[in-house]
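The values are calculated or read from the model by the stated rules, or taken from the named source; none is laboratory data. Computed from a predicted model, the values in this text were never measured in an experiment. Cβ sites come from the backbone with ideal geometry, for glycine too, and all protein chains shown count toward neighbours. Note: accessible area is taken over every heavy atom of the protein model, side chains too, but ligands, DNA and RNA are not part of it. Shrake-Rupley method; radii C 1.70, N 1.55, O 1.52, S 1.80 Å.
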Amino acid sequence: MLFEELGRMPELTFSEIDDRLRSYMQESLDKGLEFARLLPGDTMIDTKTEVIGLREDIVRLRHQLATQSFGPDIVSAARNLLAQSPLDMESQPLEAVQHACEGVARARVENARILAARLEGRYDEASLRDPLFEGLKTNTLPPLPGEEPATAPSVLTFEMLGDRYLAYAGKAGNQQKTLGDLSRSLRLAYAVIGADKPATSITTADVALLAQVIGTVPPNYAKLKSKTSLVEAAAANISGQRLEPATQEKLFRFAKAALKWAEAMELIPKQPGANVKLPAVKKGSKKDSRFPYSAEQLNTIFTSPALTGHRTPSRRMEPGDMLIRDGKFWIPWIGLYSGMRLGEIVQLLKSDVKHESEIWYFDVSKGENENKHIKTAAGVRRVPIHRALIEAGFLDHVAKAKKGERIFEDVSFGLDGYPSANFTKHWGRYGRAISFWTKKTTFHSFRHNMIQAMKEAGVPKEVRLEIAGHEGEDTHDNYGQGLSLTKLREAIERVEYPVPAIRSAATV
């Protein structure tokens, strides 16, 4: 009968395992507080030595977490935590054991860190940081004999759910920019639905309210006074300025993704508001989103000090006899004569500059560097290098790059993990200083210039699409292996601009 009962026992969900981990952590915190109060009075124990030992434990445990390779003590504690009966110790799914091992290690890291802080008198550092244990009490003692032990809160709040989803998204390899956008979306959702609301109590009406707020809240909602709720701000913004449609879509999509994930992980029984949509918004024409640079702007850019001669490496906005031909010099010229996206240019490797049948071209692909990103499948393409770049000595610059490294190592990736972030900031500052910046023109405007120049030169649409890395509109466009380099180079070489020639190294 016992074995039949065990056979019918359902496997623990990750949510149930987390509840057990929280109880385990609460018990550890209570014992830690008792230890911290009793230890200083024990003349046989050296407090400093205890703290050193705790710090060493933290380093050891964090190494196990980083490698996901846990010691026998962690595995044993995890199996005890999972066991639903004495006979259930060795029959647990590996995924559950691994999840429990991670949780036990995290609990021990937090407990050791808090205990060390207390022993050193640093109570400002004795609060919980790990989101898995958010809401637990750090100031309770173990129960006395005969008392009922305190139970850890088991209600999964919306914010706790969001923290778990953020942790999952981080492990899934998302870029920091994406994680930042996701966090922003969740914070907005907490403000509307309620961070402390039980996740299982979120309704379709809550999601519909979130959609309504996202669709009507003003763009400066993050700067509103604390007395004004987002719901009130959205309701008051009847005819005011609203978020861009793309921003609205991203905020709502990310919030719904967290709820969809929670359903898949069985944290909630069903995703609320799965079919709720944003209020209908009139989307502006894509043609209006960015303008090409005007002839006057192009002349200002390509006769400016950074591209013709500047005073010092750090004072490129001032005219001078120095001309450093690094990323800040070449990237604008490549943008003008290739139409490539800024991110595609900045992350170019030395191996991405190739030649075939005496035609030099950019191989826009993920290549050998796992940190490279291509926006779309159509973005993987070959773009012939314009003669203006070759005649100015661009290939000499490529030759100086180290094997396997980026051509423009001087332009570092942004903290968000995107290759274009830092150069975008530089270009905005430079544009304001040299007076070619406007709200409707950015580095992406070079892409518009290139496409417009190809149109005016009579380059066929299918050729323009392939050079720009745009998807074709018809199924027919998806057949075949793409146009020949000869055909693509003919199109590239038709492109001309009313700008001075690129200054070669010989003219510096």
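General observations
- The calculated FRET efficiency for His444 paired with Glu56, based on their beta-carbon distance and R0 = 45 Å, is about 0.30.
- Counting only heavy atoms of the protein chains and using a 1.4 Å probe, His386 has close to 10 Å² of accessible surface.
- Computed extension gain for Asp321 through Ser294, at 0.36 nm per residue and net of the alpha carbon distance, reaches 7.0 nm.
- Given Lys354/Lys403; Lys250/Lys425; Lys177/Lys250, the pairs whose alpha carbons are separated by over 18 Å: Lys250/Lys425
- Solvent-accessible surface (1.4 angstrom probe) belonging to Glu318, in square angstrom, nearest 10: 60
- Potential lengthening of the chain between Lys171 and Gln68 amounts to 35.8 nm, from the contour at 0.36 nm per residue minus the alpha-carbon distance.
- If you sort Ser201, Ser15 by accessible surface, 1.4 Å probe, largest first, the order is Ser201, Ser15.
- Radius 12 Å from Cβ of Lys277, net charge of other residues (Lys, Arg +1; Asp, Glu -1): +1
- Once the chain from Ala205 to Lys31 is taken as fully extended at 0.36 nm per residue, the excess over their C-alpha distance is 58.3 nm.
- Spin-label model distance (nm) - Asp363 vs Arg494, 7 Å beyond Cα toward Cβ: 2.8
- Shape call, the stretch 286-351: gyration tensor on alpha carbons, a/c limit 1.5: oblate
- Other residues lying with their Cβ under 13 Å from the Cβ of Val495 contribute a combined charge of +2, Lys and Arg counting +1, Asp and Glu -1.
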